[in-house]
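Undergrad: Got a structure for you, questions after.
The values are calculated or read from the model by the stated rules, or taken from the named source; none is laboratory data. Predicted, not measured: the structure shown is a model, and the values here were computed from it. No Cβ is skipped: glycine too gets one built from the backbone with ideal geometry, and neighbour counts run over all protein chains shown. The area values use the complete protein model at the heavy-atom level, side chains included, leaving out ligands, DNA and RNA. Shrake-Rupley method; radii C 1.70, N 1.55, O 1.52, S 1.80 Å.
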Amino acid sequence: MSSSEGSRQANGMLDALVAAVGPDQGMELPRAGCQAYPAYVAWLAMHAEPAAAAAGIYSNFAAWSRYCKTVAEAMRTHYDFDDPACAFFDFFAAEVSEVEQRALAAIQAGLDTGRLKPGEAHLYARLFQNYELMFWNTLADEFSA
């Protein structure tokens, strides 16, 4: 499955989630701490060496998978959400060896050709994780009050 096919499939799974939680009534405003993460992903896609972007994104993929698994379990346990409502999170909680193989091949190719510097890969990976932490902390700060 290509990443665009996977994205379309995941996007289709959001309908059941929206039906379970109810649509946003337009009361939610963008939060700067939540916008930085997707902006950084877009910046990587547009400006970074492809192998460096792969390293940054891949570094966070396992953590994202664990988050999705935890969210799906919590939705079922605490809110009695059914499988269709949790499908989006279940989809990303699954291990995808093809994605891992492609990311590692891109990273290795970048290292082999000298186009990827280990320090650059480390920087992008660290920033990727920091921006994601900022995203979740922004939500936690707002909703714990």
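Undergrad: In degrees from 0 to 90, rounded to the nearest 10, what is the angle of the helix 83-93 Cα long axis to the longest principal axis of the chain?
TA: For 83-93 against the chain, the angle is about 20 degrees.
Undergrad: Let me ask another. Ranked highest first by average number of other Cβ atoms within 10 Å, how do 53-59, 83-89 line up?
TA: Most protected by this proxy first, the peptides run 53-59, 83-89.
Undergrad: What is the helix-to-structure angle for 3-21, meaning the angle in degrees between its Cα long axis and the longest Cα principal axis of the chain, kept from 0 to 90 and rounded to the nearest 10?
TA: 20 degrees
Undergrad: Would you mind giving the average projected area, over all directions, of the Cα convex hull of segment 1-110 in nm² with one decimal? If you can, show how the numbers build up before the last one.
TA: Details: hull surface 32.0 nm².
Projected area, direction-averaged: 8.0 nm².
Undergrad: To one decimal place, what Kirkwood hydrodynamic radius in Å is obtained for segment 97-145 from all pairs of distinct Cα atoms? Display every interim value, and only then the final one.
TA: Values: mean 1/r = 0.0776 Å⁻¹.
That comes to 12.9 Å for segment 97-145.
Undergrad: With a probe of 1.4 Å, find how much accessible area the chain has per residue, and write the answer as a whole number in Å². Before the final figure, lay out the partial values.
TA: Values: 9440 Å² over 145 residues.
The answer is 65 Å² per residue.
Undergrad: Measure of size requested: the Rg and Dmax of segment 63-133, with Cα atoms as the atom set and Å as the unit; please supply both.
TA: According to the Cα coordinates of segment 63-133, Rg and Dmax are 16.5, 51 Å.
Undergrad: Determine the order of LEU44, LEU111, LEU139, LEU29 by accessible area, beginning with the largest, at a probe radius of 1.4 Å. Could the numbers behind the result be given before it?
TA: Details: LEU44 0, LEU111 75, LEU139 40, LEU29 125 Å².
My answer, sorted largest first, is LEU29, LEU111, LEU139, LEU44.
Undergrad: Turning to a different aspect of this structure: Could you work out how far helix 97-113 tilts from the main Cα principal axis of the chain, as a 0 to 90 degree angle to the nearest 10?
TA: Roughly 30 degrees between the two axes.
Undergrad: Can you tell me the relative contact order of segment 1-107? Whole percent, Cα pairs under 8 Å, sequence separation 6 or more. Mind showing how you got there, number by number?
TA: Details: 61 pairs, mean separation 44.4, N = 107.
Normalised by residue count, the contact order of segment 1-107 is 41 percent.
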